[in-house]
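*Asks:* Got a structure here, written out as structure tokens. Questions coming.
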Amino acid sequence: MIFKSRPYLFVLKGCGIFYFLIFVLTGCGRDSSVKETGILMDTFCEISCYGVSKDKAIAAIDAAFKEMERVEKVFNKFDEDSEVSKINRLAGSEKVIISKEFFNLTEESIYYSGISEGAFDITVAPLMEIWGFVRKHKVIPDKDAVENALKSVGYKNIALDPEELSIRFLNKGVKVDFGGIAKGYAVDRAKDVLVSKGIKNGLVNLGGNIFALGSAPGRKSWKIGVQDPRNKGRLLRSFELTDRAISTSGNYERFFEIGGKRYSHIMNPLTGEPCQGIISVTVAADSAEKADALSTAIFVMGEEKGLNFARSIKGIKVLILKEDGGLILY
Ligand code: ADP
Ligand code: MG
């Protein structure tokens, strides 16, 4: 659901700074930009652009918000009427015809599973359930529950048929969860809408999944600063981006603590447990979907494996903040 209304709309005249995990360090350009904010996919969303008339900018941003809202309706597992909910209900027992969009994002997700050797895996849904990330009440499940859930985890349990655009789960308990990729995907779609409306410079930020289109007012690029989650006044590093995306996966926003131990909402699909060892992974890439999926994958893989994996992928930048405080930039 999106809570967006006119009162949130305002024209930025000076430097804009986001108060989310990621700061956007804009120059104080002369161009005025239009910015709208809202709540979407359970997080904060902000879209801004400049360089066109105010009316054109508002129309483009409104259309981009509508597009994200549409994407949310397809992939929201908490909405019983969404396509993902329907598939989770049925595909364990029968073949289900799906939309081209659902087919494509599932295929992309399986691709990221393959290259990350199963670290990224949308079939983690049963693990999210037993660890209490679907309910409000977080719990540590017993070993049997983990073993049992693991039987339904594994991207190889998803059978896609490109001819008839259908999906079938090879095991009854399989359910899919697009939480690790859908926000990035939605950001790319919103960016495409802006471009189709003639916008050359703007920014789409959905909970730290950002596409930086063109450059910031008066600058050659967008400067995106990654905040230190342990000390919000400090930046870990900043990235200069033009027509590129950035995404951060971390254990500092969605997690629970029991007995002084932190349990993150990112699961290791191989062990069935929340990942440990890393506080956050930031990835810059040519699309927000890629940055989103890869940041989740590298978070799961951990420092050593994650870095080797990052080196195997062309054109990305990676920043890892470890639980021991170490900072790695690749
Ligand atoms: P955020 O949702 O905070 O942006 P991520 O992009 O890393 O963070 O996505 C985490 C979400 O992805 C989880 O809430 C869950 O829905 C899903 N998820 C958890 N573990 C995995 C995994 N190993 N592979 C793919 N998706 C995952
Ligand atoms: Mg992700």
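*Asks:* Which of Asn308, Ser215, Ala149 sits closest to the plus end of the dipole of the chain, meaning its Cα is farthest towards the positive end, when Lys and Arg get +1 and Asp and Glu get -1 on the C-beta?
*Replies:* In the chain, that residue is Ser215.
*Asks:* Given the C-alpha atoms of the stretch 111-221, compute the convex hull and give its volume per residue in Å³.
*Replies:* Given the Cα convex hull of the stretch 111-221, per-residue volume reads 169 Å³.
*Asks:* Next question. So for Cys275, Cys45, fewest C-beta neighbours within 10 Å to most, what's the order?
*Replies:* Cys275, Cys45
*Asks:* Using each residue's phi in the stretch 232-247, evaluate 6.51 cos²θ - 1.76 cosθ + 1.60 at θ = phi - 60° and report the 3J(HN,Hα) Karplus result to the nearest Hz, with x for Gly and Pro.
*Replies:* My calculation for the stretch 232-247 gives 4, x, 10, 9, 6, 5, 10, 10, 9, 10, 9, 6, 9, 10, 9, 8 Hz in order.
*Asks:* At a 10 Å Cβ-Cβ cut-off, how would you order Asp188, Asp81, Asp121, Asp177, fewest neighbours first?
*Replies:* Ordered from fewest to most neighbouring Cβ atoms within 10 Å, Asp188, Asp81, Asp121, Asp177 come out as Asp81, Asp188, Asp177, Asp121.
*Asks:* Taking +1 at the Cβ of each Lys and Arg and -1 at the Cβ of each Asp and Glu, which of Ala190, Asn205, Gly179 sits farthest along the dipole of the stretch 129-214 towards its positive end, judged by Cα position relative to the Cα centre?
*Replies:* Asn205
*Asks:* How do Met68, Met267 line up, fewest other C-beta atoms within 10 Å first?
*Replies:* Met68, Met267
*Asks:* Per residue, how much space in cubic angstrom lies within the convex hull of the C-alpha atoms of the stretch 223-330?
*Replies:* Dividing the Cα hull volume of the stretch 223-330 by its residue count gives 101 Å³.
*Asks:* List the aspartates and glutamates whose alpha-carbon lies under 19 Å from that of Lys314, not counting same-chain residues fewer than 8 positions away?
*Replies:* Lys314 reaches Glu108, Glu117, Glu240, Asp243, Asp286, Glu289, Asp292, Glu303, Glu304.
*Asks:* Run the quick spin-label model on Leu170 and Glu253: label points 7 Å from Cα toward the beta carbon, then report their separation in nm to one decimal.
*Replies:* Here the modelled spin labels are 3.4 nm apart.
*Asks:* Additional query: To make sure I understand the rule: partners must be lysines, Cα under 17 Å from the Cα of Lys317, and not fewer than 8 residues away in the same chain. Which ones qualify?
*Replies:* Partners found: Lys223, Lys290, Lys305.
*Asks:* Something else: With charges only on Cβ, +1 for K and R and -1 for D and E, what is the dipole size of the chain about its Cα centre, in debye, rounded to 20?
*Replies:* Rounded to the nearest 20 debye, it is 1080 debye.
*Asks:* Kirkwood hydrodynamic radius (Cα pairs, Å) of the stretch 125-184?
*Replies:* By the Kirkwood definition, the hydrodynamic radius is 13.0 Å.
*Asks:* Any chance you could list the semi-axes, whole Å, largest first, of the equivalent ellipsoid that the Cα gyration tensor gives for the stretch 181-231, using √(5λ)?
*Replies:* Here the semi-axes work out to 21, 17, 5 Å.
*Asks:* If you don't mind, there's one more thing I want to ask. Given q = 0.14 Å⁻¹, what are the Debye log10 I(q)/I(0) values for the chain, with equal point scatterers placed on the Cα positions and solvent ignored?
*Replies:* One equal scatterer on each Cα of the chain leads to -1.12.
*Asks:* Calculate the FRET efficiency for Glu101 and Ile140 from the Cβ-Cβ distance with a Förster distance of 25 Å, rounded to the nearest 0.05.
*Replies:* In this case the efficiency is close to 0.10.
*Asks:* Here's a follow-up. What does the charge dipole of the stretch 83-169 about its Cα centre add up to, to the nearest 20 debye, if the Cβ of each Lys and Arg holds +1 and the Cβ of each Asp and Glu holds -1?
*Replies:* 420 debye
*Asks:* Taking every eigenvalue of the Cα gyration tensor of the stretch 83-169, multiplying by 5 and rooting it, what semi-axes result, largest first, whole Å?
*Replies:* So the three semi-axes of the stretch 83-169 are 25, 15, 12 Å.
Computed from the coordinates by the stated procedures, all read-outs in this text should not be read as laboratory data. These figures come from a predicted structure and were not determined experimentally. As a convention, Cβ positions derive from the backbone with ideal geometry for all residues, glycine included, and neighbour counts pool all protein chains shown.
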